[in-house]
Amino acid sequence: MEYLLIEYADPAGVLDPITVPYRLCDNPVVPRWVERVQAAQQYPIDDPRRFYGFDDVNTETARAMAGINQCVDTINSHRHIIDRKLTNINDQDTLNYLHHIFEVYHGLLGKQTHRFYLTAKPHVRKALSDLNIAVHRCESVTRQRPPSHVVTYFGLPKEKMLLDSDYTHAVNTWTPGTVFLNYVEIGKTLEDLVEDNDTYIAPDAFQPFRHYSADFVVYFGTRSARQAMDKNAKILAYYQQHQAKFGAWQNCFTESKIPVAVLEGVPNLDAIASRQMVQSVKFI
């Protein structure tokens with residue numbers, strides 16, 4: 001196999017789908033990730049419309065605000081556990097508070113033991129899971145991140161762990177159309193804490209990127225060496241200030257990601273923007 005093929009479809013069904021090929025990277029993580037994606041095909045994609053940054057800021061803001069407050073209403077319909085709604089997308093404190101609600105009541109990876117979660121109906125559990133996604137969608141808007149999209153498979157168990165040697169293949173610069181392993185832990189990375197100034201997060205919710213699954217993210221922006229150096233300097237300074245909390249796990253203090261595929265050529269963002277739904281994922 002040489003390529004990851006992503007089929008993009010128009011949610012309205014007006015335009016014909018397009019298939020975009022991404023050449024698989026040459027590193028030892030890729031075959032294991034491909035196996036996970038193939039295993040995931042027995043499950044549906046969680047939300048095939050997890051696209052970010054392709055529309056104007058007003059559209060993105062309205063979508064993010066509506067989504068997060070719908071999650072709050074659905075969760076509170078089971079039991080009123082959330083005392084706030086988001087009224088300003090720039091309110092990072094409320095976003096941190098809502099992410100903490102997700103961490104506590106949903107539970108960390110493989111630890112869904114809270115009574116609220118166990119007694120909730122499926123649509124409430126889904127809203128609790130979606131609250132995490134909704135928080136990050138809001139943050140994507142406020143931080144004006146370049147276009148991207150995420151493909152995840154909730155049904156596939158997140159049991160596989162990266163090897164220490166795998167992190168040597170991580171990069172902190174990239175070109176448009178680079179596909180990376182997606183973070184599948186439940187919690188926040190050091191990078192998140194630097195950006196969020198989160199005072200709600202519990203100590204055990206700091207979760208470095210150790211597990212991997214079929215899940216992936218496609219970045220259509222760029223990251224220059226200068227941008228990476230500036231970002232990593234902030235992350236390292238924060239790590240050094242809080243090292244007693246984070247311990248000695250060295251791979252957590254750089255904003256590096258493990259690539260699995262890359263687009264050859266320039267992405268046609270207009271074509272993808274008009275087809276913001278992943279219809280299928282396969283390899284050739």
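The values are calculated or read from the model by the stated rules, or taken from the named source; none is laboratory data. Just so you know, these numbers come straight off a predicted model, no measurement behind them. Don't worry about glycine lacking a Cβ; one is built from the backbone with ideal geometry, like all the others, and counts go over all protein chains shown.
Annotations for the structure displayed:
- Contacts under 7 angstrom Cβ, first residue in region 198-217 being more than 12 Å from Lys158 (Cα to Cα), partner of a type in the set (Gly, Ala, Ser) and not in a loop (DSSP other than H, G, I, E, B), 6 or more apart: Val217/Ser148
- Total residues in region 104-148, condition part of a loop (DSSP other than H, G, I, E, B) and over 29 Å from Phe220 (Cβ atoms): 9
- Flag for Arg63 being over 30 Å from Leu269 (Cα atoms), outside the structural domain of Ser274 (by TED's automatic domain parsing) and among the charged types (D, E, K, R): no
- Among residues of region 47-86, those that are in a loop (DSSP other than H, G, I, E, B) and touching a helix residue (DSSP H, G or I) at 6+ places or on another chain (Cβ under 8 Å), counted: 11
- Applying a threshold of 7 Å to beta carbon distances and a minimum spacing of six or more residues, or different chains, the list of pairs starting in region 34-47 at a residue that is at negative phi and at pLDDT 95 or above and ending at one that is basic (Lys, Arg) and not in a helix (DSSP H, G or I) reads Arg36/Lys160.
- Selection from region 1-58 of residues that are loosely packed, with under 14 Cβ neighbours inside 10 Å and within 19 Å of the chain's Cα centre (by Cα): Tyr43, Pro44, Arg49
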